[in-house]
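Chemist: Quick one: the structure is below, questions incoming.
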Amino acid sequence: MPENSIPKEAAYQIINDELMLDGNPRLNLASFVTTWMEPECDKLIMAAINKNYVDMDEYPVTTELQNRCVNMIAHLFNAPLGESETAVGVGTVGSSEAIMLAGLAFKRRWQNKRKAESKPFDKPNIVTGANVQVCWEKFARYFEVELREVKLRDGYYVMDPEKAVEMVDENTICVAAILGSTLNGEFEDVKLLNDLLEVKNAETGWGTPIHVDAASGGFIAPFLYPELEWDFRLPWVKSINVSGHKYGLVYAGIGWCIWRSKEDLPEDLIFHINYLGADQPTFTLNFSKGSSQVIAQYYQLIRHGFEGYRNIMENCHENAMVLKEGLQRTGRFDIVSKDDGVPLVAFSLKDRSRHDEFEISDMLRRFGWIVPAYTMPPDAQHVTVLRVVIREEFSRTLAERLVLDIEKVMYQLDALPSRLPPPLPPAPLLARKKSELETQRSVTEAWKKFVLAKKTNGVC
């Protein structure tokens, strides 16, 4: 910390100059997070920048806006609510916190059930695919839950519901399904998972529930695939998380966790405080947080409505198809992502003999693009892909421009020597181990030669 103060203009200029070296958020195609909002919403965000959301008694209207968001999202996810029934949910700082809260609710419900049955409750586990986001690994490690991962396989990069249900036992607190895999945008088959668990639960009486991690797909599926059954229409889906700062169209810092009913959120996890002026129920991992993102989410929901969100998601999907078709025309790439799912394009090189995807990612930065390259999780770690996430502000013009720049990168790489290590020479064939009889014969032959040589060369 400096000893002396400096003028505010100087402090601003110093920081602004350094920040110029950051990447352009609009060209950051690695991220699902919203990087553009309308100026009117920006004004609302700045007007609420000094409001602490946790002061519910001081800012009751902000609390009411959060409750409206929870109700709208719950209805979007087909929660079984009565005419005047209030939805059960909470705003969070993102899907990571939402997943922690949902996981804690599942763990506590499982523990309470086991205690009531006088059974051990010290070895909970959770079943997921190996394609889950790292926050699931954090939950398992931080809250001492065994993580059972269904391995991926070549050409199938999401959790296999049948293998997942095979891993379920009496200690499974829930099975986590992903609606929009981070790796390739694919939706997992939640309906099949529900049907398989229906059978297993009927046979065992375990009552194993489902949590849907809809961080990316929760604001996509209701608008693009309304007939797809993945939400509270399925009886074993007990909670859903979604990221408002992804396809909810809000800047980073807002997520949502919605429960099917009050019975699915144990009351002993909810704290009641009154030192801010009134009794306030709270179920969060942190305390203070800004109000701006909650207000921004409410703005987007009433500004766009169902029609507006559908139009935006359709546009994102169309731009993803433009990019996909442009990459296919080059003849250089295999498309790994699916047409249905999160609007993104994941692709890999057809020929990796001289250059790889990491070199393409590195060279695209020279054009300003941030396109990640990564390997798939086990057991598909031999597959490397590049991924482009299509957000609201990514236009068709940018999609066409990106294809042109990728083609330029490929031409430049073709002119460069390979940076990949040369293939290893084939291993020499191992000599076959001689049998005992063969060894005796070879020793005898050697002695014969030795004796004959002595007789020939010796002096008489």
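The values are calculated or read from the model by the stated rules, or taken from the named source; none is laboratory data. Since this is a predicted model, take the numbers as computed values, not measurements. For neighbour counting, all protein chains shown are included, and Cβ atoms are generated from backbone atoms with ideal geometry for every residue, glycine included. Note: areas computed on protein heavy atoms with side chains; ligands, DNA, RNA excluded. Shrake-Rupley method; radii C 1.70, N 1.55, O 1.52, S 1.80 Å.
Chemist: Could you tell me how many of the residues in region 347-366 are open to solvent by 20 Å² or more (accessible area, probe 1.4 Å) and in contact with a Lys or Arg (Cβ under 7 Å, 6 or more places away or on another chain)?
Modeler: Counting residues in region 347-366 that are open to solvent by 20 Å² or more (accessible area, probe 1.4 Å) and in contact with a Lys or Arg (Cβ under 7 Å, 6 or more places away or on another chain) gives 1.
Chemist: Anything in region 80-94 that is open to solvent by less than 10 Å² (accessible area, probe 1.4 Å) and among the hydroxyl-bearing types (Ser, Thr, Tyr)? List them, or say none.
Modeler: Thr92
Chemist: A follow-up question, please. Would you confirm, using the coordinates I've provided, whether Gln293 is of a type outside the set (A, V, I, L, M) and in contact with a Phe, Trp or Tyr (Cβ under 7 Å, 6 or more places away or on another chain)?
Modeler: Answer is yes for this residue.
Chemist: Could you say which residue among Phe306, Phe287 is assigned to a helix (DSSP H, G or I), in contact (Cβ under 8 Å) with a residue 60 or more places away in the chain, surrounded by fewer than 15 Cβ atoms within 10 Å (Cβ to Cβ) and more than 22 Å from the chain's Cα centre (by Cα)?
Modeler: Phe306
Chemist: Still on this structure, I have one more. Go through (1) surrounded by fewer than 13 Cβ atoms within 10 Å (Cβ to Cβ); (2) free of Cβ contacts under 8 Å to residues at least 12 places away in the same chain one by one and return the number of the condition Phe271 breaks.
Modeler: (2)
Chemist: Here's another thing I want to ask about it. Hey, Ile73 hits all of (1) in a helix (DSSP H, G or I); (2) open to solvent by 30 Å² or more (accessible area, probe 1.4 Å); (3) over 14 Å from Ala296 (Cα atoms) but one; which does it fall short on?
Modeler: Only one criterion in (1) in a helix (DSSP H, G or I); (2) open to solvent by 30 Å² or more (accessible area, probe 1.4 Å); (3) over 14 Å from Ala296 (Cα atoms) is unmet by Ile73, namely (2).
Chemist: I'm checking my understanding of the structure. Among residues of region 183-199 that are out of contact with any helix residue (DSSP H, G or I) (no Cβ under 9 Å at 6 or more places or on another chain) and part of a loop (DSSP other than H, G, I, E, B), which one is farthest from Ala102 (Cα to Cα)?
Modeler: The qualifying residue farthest from Ala102 (Cα to Cα) is Asn184.
Chemist: Moving on. Please give the number of the condition Val127 fails out of (1) part of a loop (DSSP other than H, G, I, E, B); (2) open to solvent by less than 40 Å² (accessible area, probe 1.4 Å).
Modeler: Going through the list (1) part of a loop (DSSP other than H, G, I, E, B); (2) open to solvent by less than 40 Å² (accessible area, probe 1.4 Å), Val127 breaks only (1).
Chemist: What are the residues in region 30-63 that are open to solvent by 40 Å² or more (accessible area, probe 1.4 Å), aromatic (Phe, Trp, Tyr) and either without any contact (Cβ under 8 Å) to a residue 12 or more places away in the chain or within 22 Å of Val90 (Cβ to Cβ) (or both), if any?
Modeler: Listed by number, the list holds a single entry, Tyr59.
Chemist: Criterion first (acidic (Asp, Glu), in contact (Cβ under 8 Å) with a residue 24 or more places away in the chain and not in a loop (DSSP other than H, G, I, E, B)) does Glu203 satisfy it?
Modeler: It is false that Glu203 is acidic (Asp, Glu), in contact (Cβ under 8 Å) with a residue 24 or more places away in the chain and not in a loop (DSSP other than H, G, I, E, B).
Chemist: Right, here's the next one. Looking at region 334-369, which of its residues are under 22 Å from the mean Cα position of the chain (by Cα) and of a type in the set (D, E, K, R)?
Modeler: Asp334, Lys338, Asp339, Asp340, Glu357
Chemist: Another question, then. Is it the case that some residue within region 324-338 is open to solvent by less than 30 Å² (accessible area, probe 1.4 Å) and closer than 30 Å to Arg148 by Cβ?
Modeler: yes
Here is a yes/no grid of residues against (1) free of Cβ contacts under 8 Å to residues at least 24 places away in the same chain; (2) surrounded by fewer than 20 Cβ atoms within 10 Å (Cβ to Cβ); (3) more than 24 Å from Leu269 (Cβ to Cβ):
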| site | (1), (2), (3) |
| --- | --- |
| Met100 | no, no, no |
| Asn112 | no, yes, no |
| Phe143 | no, yes, no |
| Val158 | no, no, yes |
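Chemist: Would it be correct to say that Ser181 is under 18 Å from the mean Cα position of the chain (by Cα), of a type in the set (S, T, N, Q) and more than 24 Å from Leu29 (Cα to Cα)?
Modeler: It is false that Ser181 is under 18 Å from the mean Cα position of the chain (by Cα), of a type in the set (S, T, N, Q) and more than 24 Å from Leu29 (Cα to Cα).
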